[in-house]
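Everything below concerns the one structure shown next.
The values are calculated or read from the model by the stated rules, or taken from the named source; none is laboratory data. The model shown is predicted, which means the values in this text are computed figures rather than measured ones. Backbone-built Cβ (ideal geometry, glycine too); neighbour counts: all protein chains shown. We work out accessible area using only protein heavy atoms, side chains counted, and drop any ligands, DNA or RNA first. Shrake-Rupley method; radii C 1.70, N 1.55, O 1.52, S 1.80 Å.
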Amino acid sequence: MPGATPRARYLMIETPAERDAADFASAVAVGLTQAEKSLPCRFLYDSRGSRLFEAICALPEYYLTRAEHEILAARAGEIAVRFAQPATLGELGSGSARKTRLLIEAFLARHGALRYVPIDISRSALATSARGLLERYPGLEVHAIASEYQEGLRLLKALTPGPKLVAWLGSNVGNFDRREAAAFLRRVRAALAPADRVLLGVDLRKPRAILEAAYDDAQGVTARFTHNLLVRIDRELGGRFGADSFAHRARWREDEGRIEIHLVSRRAQRITIAALGLEVDFARGEAIHIEDSFKYSPAEIDELLAAASLRGDARWLDAQSRYSLVLCAPA
Ligand code: AVI
């Protein structure tokens, strides 16, 4: 963290970089040698990937961020008022924390002080957002955790003696399949005391054209974001994917209620990855699965909460009913 940041108010807890590098190498080796090739979407977020994701959030087609912002702008005060004493605000997958400012301001207005514990896989996003927040809000303390969710949740519980709100925004829940989402929320639930709450942002099912445009925008930013995974393999593992060997594809699967994102081989080709001693053959049209983004109906949100032993205390929608924010309590 650069020196300008007041140290006493800032703490960064990191998982070792070596472990991250080894995780990436073994995930690529496993993912590209199985019958149906895939790469885990968590590796999309290196510093370039995080910047591209920020750009996605500002795209005209990617309505999710604006819809959530609209709801938070209307409800943050109402949420903070539910906490009688100073609380900790934890956030899973915080990214740039831009929307979270609305919550931070509401908690600061209510109690004058706040500890914010953002948890994100991207150290660079955490460091940049912490610096901005600390400069802007004198009453704020930031204990950032650079890790995957599981480990972050364990640390959040250990670091937080008092009441807390755990925010899981941006429809990040959608990047888990429905069973994993329920299992993960059960683990969040296990980290809660009775007075704690979870704030969950969930994207709703909607017509194909809107969804497919949101994940395959006219400017090609989402395509660059997905392709960045191959750029990363080339740079970090001596891969030879190059610039345009694969095409981005985003399809809405109504039956499954999810957007599926693949990179599709433009031709028959053999790609070497030097650091792994690997040569991978691709047929023309063969796809690497990169990411799913599940969408929920209101009934599916109910099922998700019930499966995680949570109850919805309050539910809000944006004006166009595209997106839902749910404040949950332990059931
Ligand atoms: C982070 N996550 C919720 C995004 C989504 O909408 O599923 C990731 C994303 N992938 C492509 N565009 C956005």
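Sort LYS164, LYS157 from largest to smallest accessible area, using a 1.4 Å probe on the heavy atoms of the protein chains.
Heavy-atom accessible area, descending, gives LYS157, LYS164.
Taking θ as phi - 60°, what are the ³J(HN,Hα) couplings along the range 224-230 by the Karplus curve (6.51, -1.76, 1.60), each to the nearest whole Hz, with x for Gly and Pro?
My calculation for the range 224-230 gives 5, 4, 5, 5, 4, 5, 6 Hz in order.
Give the long-range amide H neighbours of LEU310: residues separated by 5 or more places, or on another chain, with amide H under 5 Å away, using H modelled in the peptide plane at 1.01 Å from N.
Amide H neighbours of LEU310, under 5 Å, 5+ apart: ALA331.
Along the range 182-197, what does the Karplus equation 6.51 cos²θ - 1.76 cosθ + 1.60 (θ = phi - 60°) give for ³J(HN,Hα), rounded to whole Hz, x for Gly and Pro?
5, 5, 5, 5, 5, 5, 4, 4, 5, 8, 9, 8, x, 7, 6, 9
Whose amide H sits under 5 Å from the amide H of GLY170, counting only residues 5 or more places off or on another chain, with H placed in the peptide plane?
GLY201
Pull out the extension gain between GLU78 and ALA109, defined as 0.36 nm times the separation in residues minus the alpha carbon to alpha carbon distance; nm, one decimal.
Numbers: separation 31, 0.36 × 31 = 11.16 nm, distance 1.16 nm.
Contour length minus Cα-Cα distance gives 10.0 nm.
Give a residue-ordered list of calculated ³J(HN,Hα) values for the range 286-294 (Karplus: 6.51 cos²θ - 1.76 cosθ + 1.60, θ = phi - 60°; whole Hz; x for Gly, Pro).
5, 10, 9, 6, 10, 7, 10, 10, 6
Which residues' amide hydrogens lie under 5 Å from the amide hydrogen of LEU278, considering only partners 5 or more residues apart or on another chain, with H built in the peptide plane?
Result for LEU278 returns ILE273.
Based on C-alpha coordinates, I'd like the Rg and Dmax of the chain, in Å.
Looking at the chain, its Cα Rg and Dmax stand at 20.1, 62 Å.
Please sort 276-282, 92-98, 236-242 by packing, taking for each peptide the average over its residues of neighbouring beta carbons within 10 angstrom, highest first.
Top to bottom by mean Cβ count within 10 Å: 92-98, 236-242, 276-282.
Can you give the log10 of the normalised intensity I(q)/I(0) at q = 0.19 Å⁻¹, computed with Debye over equal Cα scatterers of the range 142-226?
Cα-only, vacuum Debye calculation for the range 142-226: -0.95.
What number does the range 226-331 give for Rg over Rh if you use C-alpha atoms and the Kirkwood radius?
1.18
Per DSSP H run of n ≥ 4, the term is -39500 (n - 2.57); total these for the chain, divide by its residue number, and report the mean residue ellipticity at 222 nm rounded to 500 deg cm²/dmol.
Mean residue ellipticity, 222 nm, calculated: -12500 deg cm²/dmol.
Would you mind working out the magnitude of the charge dipole of the chain relative to its Cα centre, with +1 at each Lys and Arg C-beta and -1 at each Asp and Glu C-beta, to the nearest 20 Debye?
Numbers: 46 positive and 42 negative charges, 126 e Å.
That gives a dipole near 600 debye.
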